[in-house]
Every structure is written in C-alpha cells, then in structure tokens.
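This report concerns only the one structure given below.
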Amino acid sequence: MFAGRIIGFTFDFGAFDRPLHILLDLDGTLVDTNASKYDDIKHGRDRSFSLGEIPIVAGAREFIEAVKDRGHSVTIVSDSHGAYVGPVSEKVFRTPWLALADKPNTAKLRTYLESVFGFPSRSAAEEFLLAGDTRLDIQLARGLAIPSALLFWGADDIPHDPYYNEEANWARRCMEGATYNCHSFEELLNIIETPAKHRLVLEDPLGATAARMFNGRNKNDGYTLIRGLGRQQQGPCDSYGAIGRYYKFGSEDRTQGFLTGVARDVSQYLHDEVMAHDFIRWDMITCVADKTTTKPPRKMAKLLHALDVDLPKEELFVWLTDVTGSIRQEKKRAGRMGFIKRFVRLESALDLMGKNVIVVDDQYTTGATAMSHVEMLLEAGVRNILFIALFYLTEETPIEKVCPACGKITRIKYRKRDGRPFYSCVKPEYNGEGCGWMEWV
C-alpha cells in the first residue's frame, strides 16, 4: 500500500481564508496591447484614446470580480504611463493602480506597498501574489521576496523539440523562477483559493504541483513530458524555494531520513498526479545513471529504489568505464549533450518497444541530460516518456546595486534588441538622479 506524506503544520494564508493582496500586470496579462500600434497610448503620448480601443483579454474582468468577491484586494502594477493605466484600471477593471513601476526595480513598488499595505513592516510577503506574463514581473516579485505567478498564454502541447526551438521553450520560462506557473485565469484563481496545494511538490508539504516544462509529441507517435518538482533558486526569491533541499540531496552527509522524505514526496506526486490518470499507463520507472565518482554513492539509484510506487524499477542507463572530463566543464547545452552521448549508454535486456517509461533525475539546468536520455529511449522504441527533475535551476534575478562612480542606486534596464540586462545610473535628463554610468549584468 502507498504511504501518504506526513503533513506537518504549514501556515498558509489561503488555507485560513486570510485575504491576499493580488498585484496584477496590465499589458499582456489583462489587456492585449503588446502590438507596437499601442505604444503611443501606453507611453502617454496619445491621451485622446478611447477605452473601446483597448482589447481586453477574454475573462479578465470576470477574473478580477471573482477575486474581489472572495475578499482579496486587487491592484494593477504597470510600467506604462498613468494617463493610460489610470483610466483602464479605474473604468474597466475598477481597481487601484501603480503606473511607471520601473520593473524589475523594486524601489517604487516597495514604497507603494509600504504606504498602502504596510509591507514589509506590518505585513508578510506571503500575503501578496504578483501575477504577470513576463520575466520582468517575476523578477520584480523575486526582488521583493513575494510569491509570483507566471501566466503562459498559448496551446497546451508544443509540436517541437524545445531545446532547438527557443520560441516554444516552456522550460526557459519556468526557469524565471515564479512560485506558480499557470495557463489561464481559471488556474490563477485556483492558485489564489488554495495556494499551498498549487505549490511545487518539493517546496511545500501540501504541494501537489510540478512545473510543466514541456509537453510535446515525439517521433514514436507518443508524448515527451518534462516536469520539475522544486526550484533551485539563484538570487532573491520567495520563501518557498527548494535550494536547501537541493544541497542536502547532493551532500555526502545526506541522511536516510532525508532521502525517505524526498522519496515520500515524489511517490505522492507519482501516485496522485501521474499514475492515477488514464491518459498514459506507465510500464516502468528508471533514473539517470550514477557515475562511480558520484557523491553520495548511487545517489539517484537509492532514490529510485526508495520510491513507493507500483511500477517495476529498472536501472536502464550506465556510464562507460573510460569517462574523461566532466559534464560541468561543458558550459553549452550542445557540449553537454555530446558528453552524455559519448559516455552514457542504455543497456537493458528488456524489450522497450512501445513501452511508457518514467525517468527521474536530480537536477535540470540546460536540458541536455533530459533530452539525451529522451533520445536514447526513443531510439529503443519507447513511446511515451515522462522525465522528472527533482530540482530545476532558476535564472539569477538581478538586483539594484550602488553606482561605483557616484554612489547613487542604479536601475536595471534591458537592451531592446535582445533583452540583455544592464545596470544604469540614470541621468537627470532621463528622469534619474545619477551620473550615466553603465555596466552589463
């Protein structure tokens, strides 16, 4: 029989009907104004626009009303000009607003939250949720250490290999490090109603969610699915990030009790969220192979055999004995995939043709390990593959720093043509107080 997780006491504002303060991005989240024809309106240059010109995202009004009906507050937080944000917020959505927020810099929103909600002096970060559709929204939330939700608009399945088609790369978006990822206002409302349940499996004792990093059709007329169970966060983050668990899992001092706890949580996820559904009937579960030098020894194999699941456990992959170098020395995805192809083999007497296989690994960084193992399984005839990473590395969130030239606080900016971030000590003629010093992040 499957043994469920031992749930300790977790203070969850949602579970206790404590009202949340919902901070919503405007452009791309509530209104569909990302096209360049709206730039003059958003920048305050065209103030003669009518509200009828602004395309509202389907369900946005109803979502905000539903949030308010449940007793939560809603504030719109936008980088756009107040001459546009104000009328849309007040007349269309009937909400308070903050314009020219300067995302992802935290100073303006921090001042606003302190004046309106007493944050952080009198209210906790967990009382807030910032939701938006871009990395700037997530970086802003992470800089303030408040929970965040990233909205993915678009189709549920992607008919491309995500590691060669950057436009279709969900994994890259998940790695922005949001607390929650969702695909609709309905999902976002469910998160607001029961936040603990929608946190990641390895981040909350009540968490039942995995980051949906990829859903795609494969060459064997099946599906390749990639999931992440906890964030290995870099830089500022909300309080739920799993980096502490990540380091313990790879430590030589890892205890059997700790391993049992991780196995219990992963087993619960497999039991409730994977095997309980009829979409795919899984035939076996395996893990990424451990090198002989791996510390702790048989790190992944021990987890595999500790899982409480009603599936055959097979060690399908092996490292060759003549390994030279290290995958960590390969900085690019292509180099890492080449390293794995040279030194890892799928060796099994089992007939894998048409089978459905789950693979477990400890870390997702570039996707090289995931895709290399997926390709080996597909070559062996496996039809459906679920690749589960216990932890996935998040992007590093840049934070404000002091200008080395004049001592003022710099701001984080992004180069328009490629999105590369840089620090800018903004001059007065550009609405700043600095000297003009710049440096790439």
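The values are calculated or read from the model by the stated rules, or taken from the named source; none is laboratory data. Small disclaimer: the values here were computed from a predicted structure and weren't measured. Please note: Cβ atoms are built from the backbone with ideal geometry, for glycine as well, and neighbour counts cover all protein chains shown.
Just a few scattered comments:
- Scanning the range 336-368 for residues that are surrounded by 17 or more Cβ atoms within 10 Å (Cβ to Cβ) and assigned to a loop (DSSP other than H, G, I, E, B) turns up 352, 355, 365, 366, 367.
- Taken over the range 406-434, the residue count meeting the criterion of being loosely packed, with under 15 Cβ neighbours inside 10 Å and over 24 Å from the mean Cα position of the chain (by Cα) is 9.
- Conditions (1) surrounded by fewer than 23 Cβ atoms within 10 Å (Cβ to Cβ); (2) within 27 Å of the chain's Cα centre (by Cα): number failed by residue 50: (2)
- Residue satisfying all of: in the range 373-396; surrounded by fewer than 22 Cβ atoms within 10 Å (Cβ to Cβ) and more than 17 Å from the chain's Cα centre (by Cα); nearest to residue 209 (Cα to Cα) among these: 386
- When the range 275-320 is filtered for residues that are touching a helix residue (DSSP H, G or I) at 6+ places or on another chain (Cβ under 8 Å) and part of a strand (DSSP E or B), the ones remaining, listed by number, are 285, 286, 287, 313, 317, 319.
- Hits in the range 306-335 (condition: in contact with a Ser or Thr (Cβ under 6 Å, 6 or more places away or on another chain) and among the charged types (D, E, K, R)): 308, 314, 333
- Residues in the range 51-102 that are among the aliphatic types (A, V, I, L, M) and either part of a helix (DSSP H, G or I) or not assigned by TED's automatic domain parsing to the domain that holds residue 25 (or both): 51, 60, 64, 66, 67, 83, 85, 88, 92.
- Tallying residues that are of a type outside the set (A, V, I, L, M, F, W, C) and either in a loop (DSSP other than H, G, I, E, B) or not assigned by TED's automatic domain parsing to the domain that holds residue 226 (or both) within the range 378-391 yields 2.
Residue by residue, here is whether (1) of a type in the set (A, V, I, L, M); (2) closer than 21 Å to residue 58 by Cα; (3) part of a helix (DSSP H, G or I); (4) at pLDDT below 95 holds:
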site: 173; (1), (2), (3), (4): no, no, yes, yes
site: 176; (1), (2), (3), (4): no, no, no, yes
site: 189; (1), (2), (3), (4): yes, yes, yes, no
site: 195; (1), (2), (3), (4): no, no, no, no
site: 198; (1), (2), (3), (4): no, no, no, no
site: 203; (1), (2), (3), (4): no, no, no, no
site: 207; (1), (2), (3), (4): no, no, no, no
site: 215; (1), (2), (3), (4): no, no, no, yes
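- Taking first residues from the range 377-395 that are touching a residue at least 24 places away in the same chain (Cβ under 8 Å) and under 15 Å from residue 363 (Cα atoms) and partners that are surrounded by fewer than 19 Cβ atoms within 10 Å (Cβ to Cβ) and among the hydroxyl-bearing types (Ser, Thr, Tyr), the Cβ contacts under 6 Å between residues at least 6 apart in sequence or on separate chains come to 393/365.
- Just one of the listed residues (67, 88, 92) is buried (at least 19 other Cβ atoms within 10 Å of the Cβ), more than 23 Å from residue 195 (Cβ to Cβ) and not charged (D, E, K, R), and it is 88.
- Qualifying residue in the range 304-320 (condition: out of contact with any strand residue (DSSP E or B) (no Cβ under 8 Å at 6 or more places or on another chain) and among the β-branched types (Val, Ile, Thr)): no
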